[in-house]
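Worksheet: the structure to be examined is printed underneath.
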Amino acid sequence: MKEKLKVKSLKFKVFIISFCFSLLTSHFSLLTCEAKVYIDISSPAFKKLPIAIPEFSGPSGKEISNIIRDDLEFTGLFLNIDRSAYIENPSQSFNPRNWSPIGAEAVVKGSVKEERDLIVIVSLYDVFEGKEILKKEYKAGRELIRPLSHTIANDIYKTLTGETGIFRSRIAFVAEDEDGKGIYIMDWDGNRITSIGLKGNIILTPRWSRDGSKLIYSAERNRQWSIYLLDFMSMTERKVFSSKGTNIVGDFLPEGNDFIFSSTKDGNPDLYIMSLKGDNSIRLTSSHSIEVSPTVSPDGQCIAFVSDRGGSAQIYVMRRDGSDVRRITFEGSYNTSPAWSPKGDRIVFSGRWGATNQTFIINPDGTGLTQLTTQGNNEDPSFSPDGRYITFTSDRDGFKGIYIMRANGESQKRITPKNLRAFGPRWSPM
Amino acid sequence: MKKIFVLVLILAFGFILTGCPPRKVVLPEPPKPVVTPEEIKEKAVEVKPEVKPQVRPEVKPEVKITEQPLVKAEPKEVEAPKYIEEKVVFKFEDIHFDFDKYDIRPDAKPTLKTAADWMLKNPAAKILIEGHCCEIGTNEYNLALGDRRAKAAKDYLIALGVTSGRIEMVSYGEERPFCTESKAEECLKKNRRAHFVILKEITNK
């Protein structure tokens, strides 16, 4: 009897466990189908979403709504419906369904009040369903009107695509003025260009730490090449490495405590990893050739770099410990400046093509080579934090400036002004 | 035993209802009662949803936008130069290199011999060899290439008897072109060079 009861109770336990499990799984399936995505941007066959962004009412309403429109338009995911096509009169009461005859599938409405701060109330409507899918109030000082507008664009983007927008990201770069070269920061769209006051006779492309709190870069001052670290929290610069010869930083390691660089401290340009404290240098390569421009994959496991060990400058990939070195570029005789995509599935680089340098993209295994630029010389390419865009230097307009484009090569445009000789851009990680 | 079962069911349904992600709350549609097949089957069990009824969203979360202002950064360490250029004593010619190469060409050897002879006659003199490249290609790679060119010239002088401590090196990559008139090969080839500078030590006053 006791035996039987035990069996029964065991059966019951199994039943309860399996029942709970089925509930749990149904719960998870509920979770996954929850958020409606208006544009599936991961699908190659996605259709641009027609969106209407009427001018916001109130002070600076036009400026704010224009920034939002430009942000969304650059992504190539939205079809902005021209304001001249709107048929709803601003004095009429708003009805999202009124917007379907002009083809809009989403409408952004906003109003601005100016008190001590700018206060913006924004609503996003799904035209088909006639309902509000986002409503938020934003507050910011007048001087932060651009970050304010970019934040609104990020929220709209997130609601419609399910992905995080890059509209508040920034680009660090090097520009030249009468005092020599210096490090600058600007918004991703080329606005609010700011010199941060660090100079050198020569300064090279700065690299961001993965949390965006630091920049590391190489500079030549008084005939000496050293590697410097800028901490945005304290806004101070500190020298982290110097030795006789040429020292050129490549990248932070993902953990943020170490960096990888090329140095001739032992005679040849070889690759080393060192901690930011300046100790524990580990040598990764030892050849008589040039090894330079190392960049670490997002998972921290692989390093892409440039070497001329095969007789010409080519891109190689190896493990983080320096083992398993493989050449990945075979087309052309000069391929340099590799940078990983944030997912680690692509490497963008600059390659010599005929008499000019162009931007190419390739898979880390050496397949899928695609050319993205054709005009002028194009150098120093790197990805945006979401991997959808690339920033690079080009001289196609007759002088060096900073450009952005979609990662498939579309919508190439210069974002720095004509009177600024600018190069070496790197997109912030967030 | 049945009590446990009922308890488990109530907890499980509670989990389904409370576990909805917050996104759902934003949608202005009336909440539908959650009815699952399990609930219908187990009619004996009365399910009391333990969630608050979903209200029509009057969602107006306020977002305050802030930004850390970018103040000017101050470099901590400013290095003082150790040497200045001595311009009057003697002037060596530049030696030139082929594109993307750093081996000493035959036409550079007489210049290097002259430089070595002068160095041996003036044992107190120090020189700086600058490595330069043409503008073709990438800054970082060209800096490494310029370093190789300066090193090749330095090694040649050492082979001719000059002690290595008397030779400083720096690479300027493509940053200090000699010829800037055009982008033609005639001009570019003049920029693939090693340049010699006689140094004078700065003595503290």
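The values are calculated or read from the model by the stated rules, or taken from the named source; none is laboratory data. From a predicted model like this one, the values you see are computed outputs, not experimental measurements. Glycine gets a Cβ as well: all are built from the backbone with ideal geometry, and neighbour counts include every protein chain shown. Accessible surface is based on the protein model in full, side chains and every heavy atom, while ligands, DNA and RNA are left aside. Shrake-Rupley method; radii C 1.70, N 1.55, O 1.52, S 1.80 Å.
For A:ASP308, the criteria (1) within 23 Å of B:GLY146 (Cα to Cα); (2) open to solvent by 40 Å² or more (accessible area, probe 1.4 Å) hold in every case but one, which is (2). Scanning segment A:156-176 turns up at least one residue that is basic (Lys, Arg), closer than 30 Å to A:ARG238 by Cβ and in contact with a helix residue (DSSP H, G or I) (Cβ under 9 Å, 6 or more places away or on another chain).
As a summary of the residue check, A:ALA153 satisfies the conditions (1) part of a loop (DSSP other than H, G, I, E, B); (2) more than 13 Å from A:PHE56 (Cα to Cα); (3) more than 10 Å from every other protein chain (Cβ to nearest Cβ) except for the one numbered (1). Taken over segment A:132-163, the residue count meeting the criterion of being open to solvent by 40 Å² or more (accessible area, probe 1.4 Å) and more than 25 Å from the chain's Cα centre (by Cα) is 5. Of the helices (runs of 4 or more DSSP H) lying entirely inside segment B:95-205, those containing at least 1 residues that are among the polar types (S, T, N, Q), within 14 Å of chain A (Cβ to nearest Cβ) and within 33 Å of the chain's Cα centre (by Cα) are B:139-159.
Within segment A:243-252, if we keep just the residues that are more than 7 Å from every other protein chain (Cβ to nearest Cβ) and modelled with pLDDT under 95, the residue that is surrounded by the most Cβ atoms within 10 Å (Cβ to Cβ) turns out to be A:SER243. For A:PHE259, work out the one condition from (1) within 14 Å of another protein chain (Cβ to nearest Cβ); (2) under 21 Å from the mean Cα position of the chain (by Cα) it doesn't fulfil. Result: A:PHE259 fails condition (1) only. In segment B:53-71, the qualifying residues are those that are more than 7 Å from chain A (Cβ to nearest Cβ), open to solvent by less than 100 Å² (accessible area, probe 1.4 Å) and more than 28 Å from the chain's Cα centre (by Cα), and the one that is modelled with the lowest pLDDT is B:GLN54.
So in segment A:262-284, with the set limited to residues that are aliphatic (A, V, I, L, M) and either out of contact with any Gly (no Cβ under 6 Å at 6 or more places or on another chain) or part of a strand (DSSP E or B) (or both), which one is nearest to A:LEU229 (Cα to Cα)? Residue satisfying both the conditions and the ranking: A:LEU276. For segment A:202-219, name all the residues that are buried (at least 23 other Cβ atoms within 10 Å of the Cβ) and facing another protein chain (nearest Cβ under 7 Å). If the condition is that a residue be buried (at least 23 other Cβ atoms within 10 Å of the Cβ) and facing another protein chain (nearest Cβ under 7 Å), then A:LEU204 is the only one that fits.
Go through the residues of segment A:285-302 one by one and say whether even a single one is at positive phi, of a type outside the set (Asp, Glu) and in a strand (DSSP E or B). For segment A:285-302, residues at positive phi, of a type outside the set (Asp, Glu) and in a strand (DSSP E or B): present.
Results for (1) away from every other protein chain (no Cβ under 12 Å); (2) basic (Lys, Arg), shown as yes or no for each residue.
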{"site": "A:GLU379", "(1), (2)": "no, no"}
{"site": "A:ARG388", "(1), (2)": "yes, yes"}
{"site": "A:ASN408", "(1), (2)": "yes, no"}
{"site": "A:SER411", "(1), (2)": "yes, no"}
{"site": "A:PRO417", "(1), (2)": "yes, no"}
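Residue count for segment A:303-345 under the criterion of being within 14 Å of chain B (Cβ to nearest Cβ), assigned to a loop (DSSP other than H, G, I, E, B), without any contact (Cβ under 8 Å) to a residue 24 or more places away in the chain and of a type outside the set (Gly, Ala, Ser): the result is 2. Checking each residue in segment A:120-129 for being at the interface with chain B (Cβ under 10 Å from one of its Cβ atoms) and open to solvent by 20 Å² or more (accessible area, probe 1.4 Å) picks out A:ILE121, A:GLU129. Taken together, the criteria place A:SER123 among residues that are free of Cβ contacts under 8 Å to residues at least 60 places away in the same chain and among the polar types (S, T, N, Q).
A:THR374 meets the conditions (1) in contact with a Cys (Cβ under 9 Å, 6 or more places away or on another chain); (2) surrounded by fewer than 17 Cβ atoms within 10 Å (Cβ to Cβ) in every case but one. The failed one is (1). Listed conditions (1) closer than 28 Å to B:ALA152 by Cα; (2) under 21 Å from the mean Cα position of the chain (by Cα); (3) free of Cβ contacts under 8 Å to residues at least 12 places away in the same chain are all met by A:THR194, apart from (1). Residues that are of a type in the set (Asp, Glu) and either farther than 17 Å from B:ASP100 by Cα or open to solvent by less than 40 Å² (accessible area, probe 1.4 Å) (or both) do occur in segment A:314-325, at least one of them.
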